[in-house]
Amino acid sequence: MAKPTHVKYLIIGAGIHGLSTAWGLAEKLKSKGEIVEGNIAVLDKTGIAAGASGVACGVVRNNYYQPAMRKLMAHSVDIWESDPEGLHYHPVGYMQISSESMRTDIVRIFEEQQSIGYESKFIEGAEKSNRYMLEFFSDWQAQGITSVLHEKKGGYSNQTKTMYALAKKVEALGVRIITGIEVKGFSTNNSSEAISSVDTNKGKITCDHVVVAAGPWVRDFWDFLELPKKINVKDAEGYIHKNVDMWRYWQLEEGVLRVKPEVLLTNNGEIPPVLHVDTEAPLKSDVDGSIITDEMWGIYYKPDWHFNGIQGGAAPYKVSTPVDQVSVDPYGPASPEFISSNDFAHMWVSALAHCHKRFEGSMPQYHRNPSGGIGCFTPDSFPIFDHFYENVTIIADSNHGWKMIGVGHLIADEILGETQELLEPFRFARYQKGESHPVSSSPYPWS
Ligand SMILES: Cc1cc2nc3c(=O)[nH]c(=O)nc-3n(C[C@H](O)[C@H](O)[C@H](O)COP(=O)(O)OP(=O)(O)OC[C@H]3O[C@@H](n4cnc5c(N)ncnc54)[C@H](O)[C@@H]3O)c2cc1C
C-alpha cells in the first residue's frame, strides 16, 4: 500500500502507547462526527509490538509510592477492565509482599489507595503475613516478610495478544498502521517551530500533529527534535543537580521457568494474584547453597499460559555504556548485548525456591532462550508526557508503561484541546521547577 503524503495525526511507534493514542483519537473523532480514515496513521519501522510492548511481562498494578502514578494507574486499570477478554487481560490482582524496611511506604500506599477507592487489603506483622500467604500457598516459606499489600484489582495481560487485539480495534475504527517505514527526522517551515513533515526512509509525510511513542528509542527522537541531552534537575530540597543526562538505560531481566503454569495455582485451585516479593532475608543458591546476596533483593512472578510456565523477573540493572552509545537495535531477545544473564537465572530461580518449597531443585527447568530487554529512563525514572514546539507530543513512559493503557486516551484528549489533570505531574518542566516525584525505599527504579 502506498505511503500517504499527508496525515493529520501522525503517530510514531506501534507499541502500547502509539496504538492506545490512536484508539483514543479515533474514538474521539468519531464521537464528534469527524472522519478517521486518512486522518490518523501509526508508523513503525519494524512492526506491531516490535519494541518493549512485545516483550513486556504484562503486569498491571497500582502499587506505587507516588500519588500521581497511583491515580494514573487507577485510570488505566479502568480501561483494562472495560474489555478484559478483548484486551487479553486477566484481572487476578497483585500482591506486594515486603520486608520491614518497606513497611512505612506500603502503609502509605495502602491508605492512599483507600482514599481513591482502589480496592486493596493490607496485612501487617510477620506472623499475620505468613498466615495470609499460607492461605494461598501451603508451601509458602519466604523469610523476613512483615507486610502484604493485596491489590484486588490489576493482574496481567498477554502482551503480543493484547497488541494485536489493539491493532485490530484501531484498524476497525479507520486508523492506518504502516509498518516497515522508519522515521529519520523532522522538518519545519521557516515561519514557525511547528513540525511540518516527518522525514522517513520512504520520503516525507506532512502532518498537522506528531505523536512520538517510540519506547526505548525516545532518546533518538529527542535528538531529532534538538531537545537538551543534559538538563538541570532541582530536587525536593531545592538543590540543583547540574548537567544530568536526560536519558539512561536499564536492563530488565526476566525469564520463564518451564513447568506447567498450573504448578502455581493456589490451594483452592485458582489463578493467584501476580506476586512481588522484596526482602532482606539472605538469598541462598538453590543449586549449591552459597549465599547469592545478603542485601535487599526482589522478584515478581506469575503462572502464565501465554509464556507457558512461571514467568517473571527481578530488579533491573543500569546499563553502564554512555547513553549516546547504547545500541537499542536489535531490540529485546534479538540483542547480542542486552538479554537476561545466567546470574539472573540463578538468582531468580533460587528466589522462587526461597518463596515456595515446590520450586526447590527446579533450576534445570529454567528456559535457556534469550529474554528481557532495555528501557529508557528519565532523570527521576518517571514518565514525561508532554507537548513540545507547537505540534509534537512525546510519550516517554520511563519503562512503566505496559500497564498504562489509559495514557493514550488522555493524550488524545489533550491533542484535541482538553488538558488532563492526571498528566500534569508528568510534564518536562518539573525538573526545572523542583517538582520531581517522591522516592520510595523499594529496590526498583519504578516503584
Ligand atoms: C522485559 C520488559 C518487561 C516489562 N514488563 C512490564 C510489565 O510487566 N508491566 C509494565 O507496565 N511495563 C513493563 N515493561 C515496560 C513496558 O513494556 C514499556 O514501558 C512499554 O511497552 C513502552 O511502550 P511504547 O509504546 O512506549 O514503546 P514500544 O513498545 O517500545 O514501541 C515503540 C515502537 O517504536 C518503533 N520505532 C522506534 N524507532 C522508530 C523509528 N525511527 N521509526 C518508526 N518506528 C520506530 C519501534 O519499532 C517500536 O515498535 C517491561 C519492559 C521490558 C523491556
- Could you check how many residues of region 17-73 are small (Gly, Ala, Ser) and within 9 Å of the ligand (Cβ to nearest atom)? 11
- Pick out the one residue from Phe385, Phe359, Phe377 that is within 14 Å of the ligand (Cβ to nearest atom) and either assigned by TED's automatic domain parsing to the domain that holds Leu257 or in contact with a Pro (Cβ under 9 Å, 6 or more places away or on another chain) (or both). Phe377
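Okay, residues lined up against (1) surrounded by 24 or more Cβ atoms within 10 Å (Cβ to Cβ); (2) more than 30 Å from the chain's Cα centre (by Cα); (3) closer than 10 Å to Leu173 by Cβ:
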| position | (1), (2), (3) |
| --- | --- |
| Gly13 | yes, no, no |
| Leu19 | yes, no, no |
| Glu27 | no, no, yes |
| Asn39 | no, no, no |
- Query: Pairs under 7 Å by beta carbon, first residue at negative phi and in the same structural domain as Met69 (by TED's automatic domain parsing) in region 389-400, partner in a loop (DSSP other than H, G, I, E, B) and within 10 Å of the ligand (Cβ to nearest atom), six or more apart or different chains?
  - Reply: Ile395/Ala213; Ala396/Pro383; Asp397/Pro383; Asp397/Met404; His400/Pro383; His400/Trp446
- Which fully enclosed strands (runs of 3 or more DSSP E) of region 259-334 have 2 or more residues being aromatic (Phe, Trp, Tyr)? 297-304
- Query: So, in region 273-301, of the ones that are among the small types (Gly, Ala, Ser) and on the phi < 0 side of the Ramachandran plot, which residue ends up surrounded by the most Cβ atoms within 10 Å (Cβ to Cβ)?
  - Reply: Gly298
- Task: Go through region 143-191 residue by residue and tally those that are in contact with a Lys or Arg (Cβ under 8 Å, 6 or more places away or on another chain), part of a loop (DSSP other than H, G, I, E, B) and surrounded by 18 or more Cβ atoms within 10 Å (Cβ to Cβ).
- Result: 3
- Query: Does region 197-231 hold any residues that are away from the ligand (no atom under 16 Å from the Cβ) and closer than 17 Å to Phe382 by Cβ, and which are they?
  - Reply: Ile231
- Quick one: which of Ser31, Ser53, Ser82 is closer than 30 Å to Gly117 by Cβ, among the polar types (S, T, N, Q) and either surrounded by 17 or more Cβ atoms within 10 Å (Cβ to Cβ) or touching a residue at least 12 places away in the same chain (Cβ under 8 Å) (or both)? Ser53
- Restricting the first residue to region 172-191 and requiring it to be in the same structural domain as Gly13 (by TED's automatic domain parsing), which pairs with a second residue that is away from the ligand (no atom under 15 Å from the Cβ) and in a strand (DSSP E or B) meet a Cβ separation below 6 Å and a spacing of at least six or different chains? Val175/Ile40; Ser187/Ser196; Thr188/Ser196; Asn189/Ser196
- Complete set of residues in region 192-230 that are in a strand (DSSP E or B), touching a residue at least 40 places away in the same chain (Cβ under 8 Å) and acidic (Asp, Glu): Asp208
- Message: Quick test of your reading of the structure: Ala236 fulfils all but one of (1) under 26 Å from Asn399 (Cα atoms); (2) in the same structural domain as Ile415 (by TED's automatic domain parsing); (3) buried (at least 17 other Cβ atoms within 10 Å of the Cβ). Name the failing condition by number.
- Response: (3)
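The values are calculated or read from the model by the stated rules, or taken from the named source; none is laboratory data. Only a predicted model underlies this, so the values are computations on that prediction, with no experimental measurement involved. Virtual Cβ from ideal backbone geometry, glycine too; neighbours counted across all protein chains shown.
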